[in-house]
Amino acid sequence: MEDTIAAIVTSSSIASVGIIRVSGKKTFEIIEKIFVPINKINKIEQQKMRYGHIVYNKEVIDEVLVSYFISPISFTRENVCEINCHGGTVILNKILDIVLQNGARMAEPGEFSKRAFLNGRIDLTQAEAVIDVINAKTEKSLNQAQKQLNGGLKNKIGEIEAVVLDILSDIEANIDYPEYDVEEVSNNKLISNLDIINNKLIKLEKSFDKGKILKEGINIVIIGKPNVGKSSILNALLGEERAIVTNVKGTTRDTIEEYINIKGIPVKIVDTAGIRESNDIVEKIGIEKSMQAFNIADVILAVFDASKELDEEDRNILCKLDNKKTIILLNKVDLDKKININELNNKDYLYISVKENIGIDELEDRIFNVANLDNVAGDNDVILVNIRHKNIVSKSIKQLTDIYEDINKKTPIDIISIKIMEILNLLGEITGKTVTDEVISKIFSKFCLGK
């Protein structure tokens, strides 16, 4: 990696400060051409900031602070400089263009992290955790991402790899020195160690369901016929006026999606168009989208007007709730109740009034309990949050099943050792030891520019 790369690493929105990162062999040479410090630099010092100006064609472009990181003590393990200038699209792009004109090239998405991985500063699990830290929706999802970034998953995989290597070394020794009891190794210590590996892998695989919820959250869809208060409930949960609320039926024509945080779990709330028979082509499209959201929801909030008796449209909605985790919300209890709760088919229900703020706090607790989130929120162990990792762990478990069958069939130990070695190769795909260039490129292409 002889070339030097550069990119804006802060948000493109207007801010007080913006940062341009430069990494590579020519970093300090490029900075020397364009940066004029207030005090002359006699020697570049590690992790020091210098105050001065970016100057181009004898014109002062901006007042800046430049940070210096000397290889290998930097994010990429290359020479790195970060130019801290005034925020704003125009000035950031102008300074970046000057850097590019003086010998750097534009970094590809994720290329700084890719170089950190290729230069051995982080493994692949830690590199992938960078994106999870950036995209974390709650403090709990951030904590899990930081655990992985700090090497939590790498260390767990390392523990399993150590047992695999122990097995392989024993097999190799007994193949090379047949005077030792091969049978004893294959049937006793071998099986015992395979059981250790299997248990650790199964625990990791099972943790993915929790990890997926922590990372992506759960989907909650609010359904009901028009004008029962669905959009008002969305606004109440969000604590802001996100959806338009009127007395006119059919105001919501499309799904509205927003995230809230319930006890550390990200929850996507989807407000839908009122479900009813309609001849309005736009409203019909909205109702179709509502049903699509309904089908993939983890929890349904079915809203009914408690001040009215159930009608045929309400009953049709109730019929759709079978086999779905549902909380029935009986809204408008500030008015006289006319609804017959015996018609709710013994489903979990909650009286609420958005207008009088009745039952909204309890609703969050109900969602937490109905979605079984208590076990997820209380897990402080390192867990799988990445589908790529989960798939590799599942393949490893399948490989172990084949190995157990081979042992029962008394397959020669050297054949079994080949299959055990494959587990080591699979685990290496998680950490990056045995991953292909194609997979590496695919992973880092998902990163944002500047990381």
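Matching the structure-derived Cα extents along the principal axes in Å against the labelled list (i) 59, 45, 38; (ii) 81, 80, 36; (iii) 104, 49, 44 gives the label (ii).
Cross-linked pairs LYS320/LYS446; LYS212/LYS409; LYS230/LYS390; LYS324/LYS390; LYS114/LYS395: Cα-Cα separations exceed 32 Å for LYS320/LYS446; LYS212/LYS409; LYS230/LYS390. For THR10, the residues 5 or more places off, or on other chains, whose built amide H falls under 5 Å of its own are ILE19.
Using modelled backbone amide H atoms (1.01 Å from N, in-plane), which distant-in-sequence or interchain residues come within less than 5 Å of ASP62's amide H? The answer is ILE54.
Based on C-alpha pairs under 8 angstrom that are at least 6 apart in sequence, the chain has a relative contact order of 16 percent. Restricting segment 56-132 to trypsin sites (Lys or Arg not before Pro) that sit in a DSSP loop and have at most 12 other Cβ atoms within 10 Å of their own Cβ leaves LYS58.
Between amide H atoms placed 1.01 Å from N, distances below 5 Å from THR326 occur with ILE300, all of them 5 or more places distant or on a separate chain. Residues in segment 381-398 carry Karplus couplings, in order, of 7, 6, 10, 6, 10, 10, 5, 5, 5, 4, 5, 5, 4, 5, 4, 5, 5, 4 Hz; the curve used is 6.51 cos²θ - 1.76 cosθ + 1.60 with θ = phi - 60°, and Gly or Pro positions show x.
Just to confirm the filter: which trypsin sites (Lys or Arg not before Pro) across segment 324-372 are DSSP coil and have at most 12 other Cβ within 10 angstrom of their Cβ?
On the way: sites: LYS324, LYS325, LYS332, LYS337, LYS338, LYS347, LYS355, ARG366; in loops: LYS324, LYS325, LYS332, LYS337, LYS338, LYS347, LYS355.
Here the sparse-neighbourhood loop sites are LYS338.
Across the options ILE222, ILE260, THR27, the greatest Cα extent toward the positive end of the charge dipole of the chain (unit charges at beta carbon of Lys, Arg, Asp, Glu) belongs to THR27. Across segment 5-123, counting alpha-carbon atoms alone, Rg and Dmax equal 13.6, 44 Å. For segment 356-451, the list of GluC sites (Glu not before Pro) that fall in a loop by DSSP and count at most 15 other C-beta atoms within 10 angstrom reads GLU356.
Per-residue HN-Hα couplings for segment 315-325, Karplus 6.51 cos²θ - 1.76 cosθ + 1.60 at θ = phi - 60°, whole Hz, x for Gly and Pro? These are the phi-based 3J(HN,Hα) values: 5, 4, 5, 4, 5, 7, 8, 4, 6, 10, 5 Hz. Considering only VAL370, ILE8, ILE131, the residue lying farthest towards the positive end of the dipole of the chain is ILE8, judged by Cα position with unit charges set on Cβ.
The phi torsions of segment 34-48, fed into the Karplus equation with coefficients 6.51, -1.76 and 1.60 and a -60° offset, translate into couplings of 10, 10, 10, x, 5, 10, 4, 8, 8, 8, 6, 10, 4, 6, 10 Hz, rounded to whole numbers, with Gly and Pro shown as x.
Laboratory data are not the source of any read-out in this text; all were calculated from the coordinates shown. Since the structure is predicted, the reported quantities are computational estimates derived from the model, not experimental observations. Neighbour counts run over all protein chains shown; Cβ positions are idealised from the backbone, glycine included.
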